[in-house]
Amino acid sequence: AVPRTRILATGGASHNKKILQVLSDVFNAPVYTIDTANSACLGSAYRAIHGLVAETNVSLADVVKLAPEPRLAVTPTPGAEEV
């Protein structure tokens, strides 16, 4: 089974529920946020860690498991996919 799509929103706009709701409705997917400062740097840091352990065959998915747990912010409005 293919997992459902989910959106991870970070940065300033991730604090605006109306913007998140539009994303959720357009893509018909739940939107999650991560409460962390400098989220753009976070992805780079995980890629750097992955690079350091690359010779041990650790996947990026395994490295990212260390990331803070995303919090559900909004879900699609029922019927939005028909609009």
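Just to confirm my numbers, what's the Cα centroid distance between segment 7-28 and segment 36-65 in Å? Each part's Cα centre sits 24 Å from the other's. Of the heavy-atom accessible surface of the chain (probe 1.4 angstrom), what whole percent is carbon and sulfur? Exposed carbon and sulfur together represent 59 percent of the surface.
Per residue, how large is the accessible surface of segment 7-74? Use a 1.4 angstrom probe and give square angstrom. Show your work: numbers first, answer last.
Details: 4520 Å² over 68 residues.
Per-residue value: 66 Å².
In this label model, Ile34 and Lys18 are separated by 2.8 nm, measuring between points 7 Å along each Cα→Cβ vector.
Run the simple label-point estimate for Lys65 and Arg6 please: 7 Å along Cα→C-beta, distance reported in nm. Output for this residue pair reads 1.6 nm.
Per residue of the chain, what 222 nm ellipticity follows from adding -39500 (n - 2.57) for every DSSP H run with n ≥ 4, rounded to the nearest 500?
Working: 3 runs with 30 residues, N = 83.
The helix-only estimate for the chain comes to -10500 deg cm²/dmol at 222 nm.
Does anyone have the angle between helix 39-52 and the longest principal axis of the chain? Alpha-carbon axes, 0 to 90°, nearest 10? With rounding to tens, the tilt is 30 degrees. Average 1/r across all pairs of distinct alpha carbons in segment 6-78, invert it, and you get the Kirkwood radius: 13.4 Å. Dipole size of segment 7-74 about its Cα centre, with +1 on Lys/Arg Cβ and -1 on Asp/Glu Cβ: approximately 200 debye, rounded to the nearest 20. For the chain, trypsin sites (Lys or Arg not before Pro) are listed when DSSP marks them as loop and at most 15 other Cβ atoms sit within 10 Å of their Cβ; the list is Arg4, Arg6, Lys65. Counting only alpha carbon atoms, the long axis of helix 17-27 and the longest principal axis of the chain meet at about 90°.
Comparing Leu20, Leu52, Leu72 in a Gaussian network model of the chain (Cα springs below 10 Å), the most mobile by mean-square fluctuation is Leu52.
The values are calculated or read from the model by the stated rules, or taken from the named source; none is laboratory data. Predicted model only: the values in this text are computed from it and were never measured. Here Cβ is always computed from backbone atoms with ideal geometry, including for glycine, and neighbour counts include all displayed protein chains. The accessibility values were calculated without ligands, DNA or RNA, using every heavy atom of the protein model including side chains. Shrake-Rupley method; radii C 1.70, N 1.55, O 1.52, S 1.80 Å.
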